[in-house]
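Asker: Would you mind keeping the following structure in view while I ask a few things?
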Amino acid sequence: GQNIDQPTEMTATEGAIVQINCTYQTSGFNGLFWYQQHAGEAPTFLSYNVLDGLEEKGRFSSFLSRSKGYSYLLLKELQMKDSASYLCAVRDPARGGNNRKLIWGLGTSLAVNP
Amino acid sequence: NAGVMQNPRHLVRRRGQEARLRCSPMKGHSHVYWYRQLPEEGLKFMVYLQKENIIDESGMPKERFSAEFPKEGPSILRIQQVVRGDSAAYFCASYGTAPSEAFFGQGTRLTVV
């Protein structure tokens, strides 16, 4: 089966750095995504990794190791507005082609304190 | 540049009634995905549609749920004879030509009373 694991909750301090981990077990792999979701809002795209390594985008970076089935999202210079749920999702490899169905983790609720 | 539009944002139905949720993808997008998010649970894939075609409905419950994406107009997710367990946030997402990014609508929060 397909399984995606990430911590349920994390707490960090404004201005600090936080790393949110995600591990996945899937029969294949076709890309890993990170989304941010504020309470009552839609998920918004943060990053996409399909090859091993680090992708940096401003204060947010995402890392992928396909051999380990592991990814992390790194948030730097934390701000209060970064308090949200961070969702790890893997593109379903079983469908292939144009199917971009995503399998989602349960999300990590990040609380940024002053 | 309108994004993915979902309506209504909030929908209250009594048990046994029908719920119709609408999703208009971004301009130029012809692929729509519906996801359900239950309280304290993650997003779950329901169905993938292209114009006039259901491509993958492996996540749809076998009964009471149906979806369509007609040639003209929005995609519709229909839930017949709703039950309390159907209370959830329903999101749709559309894709353009980029291989990665899905654009999500604001969701419809269905409450069954």
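The values are calculated or read from the model by the stated rules, or taken from the named source; none is laboratory data. Just so it is clear, the structure is predicted and the values come from calculations on it, not from any experiment. Heads up, the Cβs are rebuilt from the backbone with ideal geometry, glycines too, and the neighbour counts pull from every protein chain shown.
Asker: Taking region B:23-61 as the search range and keeping residues that are touching a residue at least 40 places away in the same chain (Cβ under 8 Å) and either touching a Ser or Thr at 6+ places or on another chain (Cβ under 7 Å) or of a type in the set (Val, Ile, Thr) (or both), which one is nearest to B:ALA88 (Cα to Cα)?
Answerer: Ranking the qualifying residues of region B:23-61, first place goes to B:CYS23.
Asker: Tell me which strands (runs of 3 or more DSSP E) are completely within region A:1-93 and hold 2 or more residues being acidic (Asp, Glu), or say none if there are none.
Answerer: In region A:1-93, the matching strands (runs of 3 or more DSSP E) lie at A:53-57.
Asker: Can B:PRO70 be described as closer than 26 Å to A:VAL90 by Cβ and away from every other protein chain (no Cβ under 14 Å)?
Answerer: Against the criterion (closer than 26 Å to A:VAL90 by Cβ and away from every other protein chain (no Cβ under 14 Å)), B:PRO70 does not qualify.
Asker: Among the residues in region B:87-109, are any exposed (fewer than 15 other Cβ atoms within 10 Å of the Cβ) and under 21 Å from B:GLN17 (Cβ atoms)?
Answerer: The answer is no; no qualifying residue exists.
Asker: If you don't mind, there's one more thing I want to ask. Would you mind finding the one in B:ARG84, B:ARG15 that is farther than 21 Å from A:LYS101 by Cα, in contact with a helix residue (DSSP H, G or I) (Cβ under 8 Å, 6 or more places away or on another chain) and in contact (Cβ under 8 Å) with a residue 24 or more places away in the chain?
Answerer: B:ARG15
Asker: Right, something else. In region B:69-86, what residues are small (Gly, Ala, Ser) and part of a loop (DSSP other than H, G, I, E, B)?
Answerer: B:GLY73 - this is the single residue of region B:69-86 that is small (Gly, Ala, Ser) and part of a loop (DSSP other than H, G, I, E, B).
Asker: Of the residues A:GLY53, A:GLY28, A:GLY40, A:GLY105, only one is more than 9 Å from chain B (Cβ to nearest Cβ) and at pLDDT below 95; which?
Answerer: Unique residue meeting the criteria: A:GLY28.
Asker: Now for a separate question. Could you look through region B:22-68, keep only residues that are assigned to a strand (DSSP E or B), among the charged types (D, E, K, R) and modelled with pLDDT under 95, and pick out the one that is surrounded by the most Cβ atoms within 10 Å (Cβ to Cβ)?
Answerer: Among them, the one singled out is B:ASP56.
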